[in-house]
Amino acid sequence: MAGLLKILNNPLTLLVAFAGVWYATRDFVILTSTIMAFVTLQVVLEKIVYRKVPTFLFGSWCLLLPLGAMTLIFRDPAFLQWKFSIVHWLFGLILLGARIIGKTDILKSLFSAASPEIHQIDNIHWKRVNFYMAFGFILLGFINLYIMRIYDFDFWVNFKLYGVLIYNIALTSSALFYLFSKAEKVSNKDEIQA
């Protein structure tokens, strides 16, 4: 069961399922139903296997159910499209709120897994990366609204499949590149002092 959950929790699996259903049917009702079923299966398996559902997945699922249901009831994909913006705005606001109110960097614990060296970087650099990523997610929510309003649903699906993937890779890679460049300076400073 845990192996199946690993496969289902891989974002690439959702991307492949999303693309497969869309390109096979070109029907947003079937696409919405598939996404709702897929994410619901993820939530149920998380609860069964780990007895706990990750907060981000649970929050996304809680938005998906009513907005997906409204998409199905009213036969209007706008509700599903809005969910994408809302999730990215919330993620950006959570990053900002954690930094401003809680004085914690959520990204520090996530990115430190990539390399222990970047954990030792000065807090000012973590603050910059946190704001950069937060505003990047908020901007992506607005870009989604622009694409949603100006272009047709087929273009939006391609944007969500390819554009968002490229955007997120560029956003995360540039943040990590910045952090690694600061980590090199920290390690060089430590070598000079030794």
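The values are calculated or read from the model by the stated rules, or taken from the named source; none is laboratory data. What you are looking at is a predicted structure, and each value in this text was computed from that prediction instead of being measured. We place every Cβ from the backbone using ideal geometry, glycine too, and count neighbours over all the protein chains shown. Just so you know, the surface numbers come from the protein's heavy atoms only, side chains and all, with ligands and any DNA or RNA stripped out. Shrake-Rupley method; radii C 1.70, N 1.55, O 1.52, S 1.80 Å.
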- Filter segment 121-144 for residues that are of a type in the set (S, T, N, Q) and touching a residue at least 24 places away in the same chain (Cβ under 8 Å); which is surrounded by the most Cβ atoms within 10 Å (Cβ to Cβ)? N144
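From the list I106, I118, I147, I166, exactly one residue is modelled with pLDDT of 95 or more and either open to solvent by less than 30 Å² (accessible area, probe 1.4 Å) or in contact with a helix residue (DSSP H, G or I) (Cβ under 6 Å, 6 or more places away or on another chain) (or both). Which is it?
Values: I106 fails: modelled with pLDDT of 95 or more; I118 fails: modelled with pLDDT of 95 or more; I166 fails: either open to solvent by less than 30 Å² (accessible area, probe 1.4 Å) or in contact with a helix residue (DSSP H, G or I) (Cβ under 6 Å, 6 or more places away or on another chain) (or both).
From the options I106, I118, I147, I166, the qualifying one is I147.
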- Of all residues in segment 1-43, which are surrounded by fewer than 16 Cβ atoms within 10 Å (Cβ to Cβ) and among the aromatic types (F, W, Y)? Y23
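Restricting to segment 44-99, what's the tally of residues that are among the aromatic types (F, W, Y), open to solvent by 60 Å² or more (accessible area, probe 1.4 Å) and closer than 23 Å to I138 by Cβ? Outline the logic, then answer.
Taking segment 44-99 as the starting set, the residues that turn out to be among the aromatic types (F, W, Y) are 50, 56, 58, 61, 74, 79, 82, 84, 89, 91.
Keeping just the survivors that are open to solvent by 60 Å² or more (accessible area, probe 1.4 Å) gives 50, 56, 58, 74, 82.
Filter once more, keeping what is closer than 23 Å to I138 by Cβ: 56, 58, 82.
Final tally of qualifying residues: 3.
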